[in-house]
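Heads up, the thing below is written out as C-alpha cells.
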Amino acid sequence: MIRGTRTPYGAGKERNMNGILNKRLAALALALTMAVSLAVPAMAEDVKRDPASEARQKSAETAVGYAMQYGNALSASWALWEDGTFTLSQQNGNLPASKKDAGHLEQLGILGGTLYGIGSVSKMYTTAAVMKLVESGKINLDSPVTTYLKDFKMADPRYTKITVRMLLNHSSGLMGTSSTNAFLFDDTDQQATNDLLKRLSTQKLKADPGAFSAYCNDGFTLAQLVVEAVSGKDFMDYVRSVLLTPAGLKNTYAPEDEMAGAPAVTCTADAAQRVLPKDTLGIVGTGGIYASAEDLAAFGGALTGTSILSAKLTAAMAAPEYDRGIWPDGPLGMVSYGLGWDAVQFAPFAQNGIQCLVKGGDTLRYHAALLVLPKYHMAAAVLTSGGVSTYNELAAARMLADALKDRGVTLNETTPTLPTATAAAMPAKLTQESGYYGTTTQQMKVTVTADGKLTVHQMSMSGILDQTLTYYSDGSFRDTSNSAAVKLVKESNGSTYFYQQSYAPVPGLGVVSTSDYLLVKMPENPITTETQAAWDALASTSAVPLGEKYSSQIYLALSDAAASAAVTSALTPDVEYVPGYIGGERIVSPKELVYDLPIGRDAGSVIVDGSLMWVNGAPYQTEGSLKNISTKNGGSYATIQSTGYARWFKAGDGDTGKTMTVAMPKNAGFYVYDGTGKITASSYLWGDTSAKLPEGGLIVFSGDSGARFQLKFTA
C-alpha cells in the first residue's frame, strides 16, 4: 500500500506549513485532516431511553475501546439514537495503569466531563443553518457568495464565481485553512473569524471554483459569515433559534457559553499528561462547537426527520455533491462529499444498499464522529479527548450495524477486495505518464517502464523504500500481495491523477477503504539556476510563528510535534524536492511560492521578505535570524511592539542553566522550549513565573501591543 496517503479531515488538522518551514513546523503539519420524513423527534433532554441488549452494549464498549487504544484517547463518550430513543449512552476513561487510582481520576474529571469539542462536525450545524435560510428563500445555493457578503474580495478574479454551494461541498477553490489564532486555550476571541475577509483579500485561488472538492475549513468560516449577514444575528444565536431549540438540544454550546456541565479534560500528549486549559476555537461554525454525545446523536436524528429542515433539504444535503467536479470513477472510499457531510456512502452500509452519512471532526485536542442512517432513523455519535476521528467513525459504524441486526437487517461485512484481474501486457503509452506527482503534503517520483512496472519513489518521506507495482488487465498496477491498486488517470482537465484503491482492515473496528485521487502529475516548472539556489538555501530553514497570541494552541502543538520528531525523522531523513517546487508549492520567483495543483487541501502561498516569511498572509521569522536573549547585568526587558508580533529569542551558549524570572504584564504569556523543541515552562498553560534557560532552547513572549515583560536572570 502506498504510504502516507490519507489526510485526516477536520478543523484542527493544521495546514501544511510548506517545505521551507522545515522540521519544526513541518513536523506540526504531519501531526496536524436523507430523504425520509419523520415526525418531530423526541426532545434530546426528555428523550426516551430503551437500553440496548447487554450484548450490544458490550459490543459498543469494545469498539470504542479499540478506537481509544489505536488513537491513544484519554476518555470517550458515545450515544446511539434510534427513532427518538437513546439505546446506547456511555462514557469511559482510559488512563495508563500507573494513573488509574481514584484520586487521579477525580482530579482529571475524566468520568465527569460530559461535553466534548466536536471539531469539524460543527460544519453540519453551519450547513443546516444555511439550508434553513435556503428554506425561507433568503439564500440561493447557486448564487455567488458576493451576493450576501459585499466585502468579500480576493486577489484573484475567479472569486466572484464562488457560490454558497461550493462552500458547503468543498469545491470553492480556496487554499483551505488560513486561520491564525483560531485554536486557543481558554480564550473565546473570535479574531480568526472576524479577520477572515481581510486574510482572503490578499489570497489567490488554487483552482477554478467548482472544479473539484478538496477539504476547506475557510469555506465554512465564510459560510458562517454568510449566515450572520443574511440572518442579521450572531451565528450561535441563529443556530440556537432555528436548530437547537426546535430539536430540544440543551447540551450544545459555543465555547463562550455558560455550559451546564464540564468539558471533558484534555491533557498533554506526553507521559506526564499535564492538564490543559479549556479548548476554545475562534472559528465556531468550522470547528468550535461543544456538545454531549447524546445531543450530537439527537442532532443527527433530527436530520432524519422534519423538526429542523424539510425532507427535500436533508435529501439535498445527502446528495452526491462530490460528483459535480473531478472525482474518480469506481467504488467510493471514506470520503464522498455531500453538503457538509464528509461521506454520503460508507462501508459496510453502502455494499448493502444502505445510505450512511458521515461527518468527522478533529481539533488539536478533541475528536468526533457522527454517523446517520436516514432510512432507519438512526444516528450514532462517538466523542473522545485525544484519539482520531477515523477510529471513532468505525466504532460508530459498529453500533449502527449491531442495531440493524436487532431489526433483522444483517449486513454483509466481508472485507472488500480488488476487482478480479490478472497480470497483462501494458500499453506502451503509459510510459509517458512517468514523472513527479504531488499534493500539498506528499510528493513522489513515478517511473513507468515498458515491461509493465510502476515504481514509486517517495520524496517527502524518503525513509520509505521504493515500491514496484505490476500492470494488470483492468488497467491498474498492483503490489505483490494484491492489496492495493494504482491507476494513472488522464482527466477531463488534461491532468493525470494518481489513483489508489485499497482496503485495510483495522482489527476490532472494521475497514479503512481508500478509493481516491491522491496525487496529480506536477507540470514542469523550469526556473533559473539562481532562483533554484535561493530556494535550496531556504529549504533547510526553520521558522517560527509571529502572529499567534499568547493563548494560542500552536505553541503547544509545536512541542507536541517535537515529541514525535523521532518518527518523522525516520520517515524524512532527507526530504527531496521536485525540480521547480518546494513541497507542493511552485517556485514563482526567488521570493515567492504558490500552490496551484488541481488537487489537495490546506495549500498555501509563501512570500519571503528578508528574515520574514508570509504564509497565506501569516507572518513567520526564520530561526537563524533570532537574537540571543540578553542576560547581561542580570536583567532586561522584552516589549511587544506595535505590530503585535510575538518576540522569539534563542538561549545563548553561555546562558544554559540560568534561571529566568518573569514579571508578567496583563494579557500576555511566555513559553520556553528546550533544544529538542519541547516546552519546559509556560506562564499561560501552567502559571510558571520562572524557568531555566535550556541548552539550544528558544523563548517566546506574546501579548498585546505594548506589553512589557521584566526579566531577571540568576545563575
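The values are calculated or read from the model by the stated rules, or taken from the named source; none is laboratory data. Because the structure is predicted, anything quoted here is derived from the model rather than measured. Positions of Cβ are generated from backbone atoms using ideal geometry, with glycine treated the same way; all protein chains shown enter the neighbour counts. Keep in mind that these areas ignore ligands, DNA and RNA; they rest on the heavy atoms of the full protein, side chains included. Shrake-Rupley method; radii C 1.70, N 1.55, O 1.52, S 1.80 Å.
Remark: accessible surface ordering of 457, 170, 377 (largest first) is 457, 377, 170, probe radius 1.4 Å. With contacts taken as Cα pairs under 8 Å and at least 6 residues apart, region 256-342 reaches a relative contact order of 15 percent. Once both labels are positioned 7 Å from their Cα atoms along Cα-to-Cβ, the gap between residue 591 and residue 420 label points is 6.3 nm. The simple Förster model, with R0 at 45 Å and r as the Cβ-Cβ distance, assigns residue 194 and residue 375 a FRET efficiency of 0.65. With both residues required to sit in the chain, DSSP beta bridges show an antiparallel share near 95%. Each residue of region 687-692 was assigned a 3J(HN,Hα) from its phi angle through the Karplus curve 6.51 cos²θ - 1.76 cosθ + 1.60 (θ = phi - 60°); the sequence is x, 5, 10, 8, 7, 7 Hz, with glycine and proline shown as x. Ranked by solvent-accessible area (1.4 Å probe, protein heavy atoms only, all chains present), the residues 596, 151 order from largest to smallest as 151, 596. Using C-alpha pairs under 8 Å with a sequence gap of at least 6, the mean separation divided by the residue count of region 132-271 gives a relative contact order of 26 percent.
Over 32 Å between C-alpha atoms is what I'm after, so list which of 359/487; 132/206; 278/591 land there.
Working: 359/487 28 Å; 132/206 30 Å; 278/591 39 Å.
Long pairs (Cα-Cα over 32 Å): 278/591.
Averaging the Cα positions of each part gives two centres, and for region 470-484 and region 181-249 these lie 43 Å apart. Taking only the Cα atoms of region 200-240, the radius of gyration and Dmax are 13.0, 35 Å. Applying 1/(1 + (r/R0)^6) with R0 = 30 Å to the Cβ-Cβ distance of residue 258 and residue 229 gives a FRET efficiency near 0.65. Given the -39500 (n - 2.57) contribution per DSSP H run of 4+ residues, what per-residue ellipticity at 222 nm results for the chain, rounded to the nearest 500 deg cm²/dmol? Result for the chain, helices only: -6000 deg cm²/dmol.
Taking max minus min of the alpha-carbon positions on each principal axis, the chain gives extents of 79, 66, 56 Å, largest first.
Working note: Karplus 6.51/-1.76/1.60 with θ = phi - 60° gives region 353-368 the couplings x, 10, 6, 10, 9, 9, 9, x, x, 9, 8, 6, 10, 10, 9, 9 Hz, where Gly and Pro are set to x.
Would region 450-599 count as rounded, prolate or oblate if I go by the C-alpha gyration tensor, calling it rounded below 1.5 in a/c and otherwise prolate when a/b exceeds b/c, oblate otherwise?
Since a/c reaches 1.5 but b/c is at least a/b, the shape of region 450-599 is classed as oblate.
The modelled label-to-label distance for the pair residue 405/residue 666, using points 7 Å beyond Cα in the direction of Cβ, is 6.1 nm. The order of the peptides 514-520, 625-631, 244-250 by mean Cβ neighbours within 10 Å, most packed first, is 514-520, 244-250, 625-631.
Normalised by the number of residues in region 455-496, the mean separation of alpha-carbon contacts (under 8 Å, six or more apart) gives a relative contact order of 22 percent. Dimensions of region 546-702 based on its C-alpha atoms, expressed as ranges along the principal axes with the largest first, amount to 53, 38, 27 Å.
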